[in-house]
């Protein structure tokens, strides 16, 4: 893939339809810029360009590992290194409203702030149309609200506001966002440098939310990452997506270029990193490996303990090489914030409108909005922003049009990470606590619908095979266990199974999570175990000679357009060693 084109002309500052000749100033919206863009360029460093090699351009076989560009399009091809520690930054909470452009921007943004809580302006994340320029983002979608308010609050105030809003991660785990940011910021120079990563390496089956967000509103993702990087005092930031995400790469590149040219990303350089197709690329510890030019094999320790470019030895894999000085590398943990792109986008309106406003939406334990995907046996596939706490059946009806005529819903999967949701639970609130009460999970809000024609044994085999193939093999209990479960499910689905096969599957489910580095084994345990519990009659029917189960495709999504979901057909040919069988 060719590197992005050079940055466009500086974005003009506009008041309504009247364009001014000046450009929005970095000091107004970029909260902790140590020098305006022009000054940085005068000092020999182009604005928005990192002096730190972000990742190594590499390819192993036909699988790209990591390719990175800085925001001005300069390709990076040298080994990943740790940068020298940047000078300590100070926060100037004042804002100069006398500047014509800055004054217009602040007045405009403050005018757009909503009245006191009690009503909500929707959408919060997804505009009604694709935003194609920075001007459009600022004029039509209140762009820059978060940066202006971040400058006023400073890092402690930002974290306090996010915690008060109750924002939880939208990548699947649902960890409190404010608490995560505080943990990365904690500690002194002894912990080393800090980094921030926006995780856009979406791969959960049935999920297309992050790609929709990055296509339609890339500016809010970049704004959220810029705020996060400055808040945790990062020396560098990265946006990670799969190399196959071409529309998303184009949109993010455009947003990075325009916002960098306008000085709206602060003094923390942001690099766009593309990586392989593997499911585990989206796992935060594996994602750091990809940024450093390795395969997506999860590390043993989480990013807040063992972050990017650390010089400490690592169990099983290479340590980062510290080329920032001529002396011996100093051991450091380099705490790294890894945050899903939707989580980052949520930060912008939370800061701009306030935590009380955000809590007017959703539930007490799951405040706010989220982006949901609905695919499968529905009238049309789709992606939409929903208020948390909305009943699942209503979400399916609104986004997917409900089941096809004459059919009823039998089951719904929340990706392939949680227990199955049966028809009797379609009124469950789409919230963290709601789905937890029925032994399922919110995950990344990718809902795969199966109607009354579906064979749940075939579904179990398909999702188990997906997890087996995508398991990295570092943990024997996971790779061997998912493989054994898949093989016995295949026997049952093809009417060759026995009662003993069910017993073996149960035994493997008990130990598939032993000594695991990531959550994949637990996903197998939760999902396959729930299918066995909820649909025992279908497994029994196959043991007693029912017709063989049909092949079922796992909805690993390539695109959703005009209500039609396109699945990755190559996934069916993928082998457990991550190669592909010939067609």
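Every number in this text was worked out from the coordinates using simple rules, so none of it is lab data. Here the structure is a predicted model, which means the values were calculated and not measured. With ideal geometry, Cβ positions are generated from the backbone for all residues, glycine too; neighbour counts draw on all protein chains shown.
Between residue 437 and residue 564, the modelled label-to-label distance comes to 4.1 nm, taking each label 7 Å out from Cα in the direction of the beta carbon.
Sorting 129, 542 on the 10 Å Cβ count, fewest up front, what's the list?
Values: 129 11, 542 22.
So the residues, fewest neighbours to most, are 129, 542.
An oblate overall shape is assigned to the stretch 128-177, the ratio a/c of its alpha-carbon gyration tensor axes (a ≥ b ≥ c) being 1.5 or greater and a/b not exceeding b/c.
The Cα center of the stretch 430-446 and the Cα center of the stretch 248-292 differ in position by 29 Å.
The overall shape of the stretch 440-583 is rounded: from the C-alpha gyration tensor, with semi-axes ordered a ≥ b ≥ c, the ratio a/c is less than 1.5.
Binning the alpha carbon pair distances of the stretch 447-498 at 5 angstrom intervals from zero yields the distribution 4, 21, 24, 19, 17, 10, 3, 1, expressed in whole percent. The stretch 177-218 and the stretch 478-546 have Cα centres lying 33 Å from one another.
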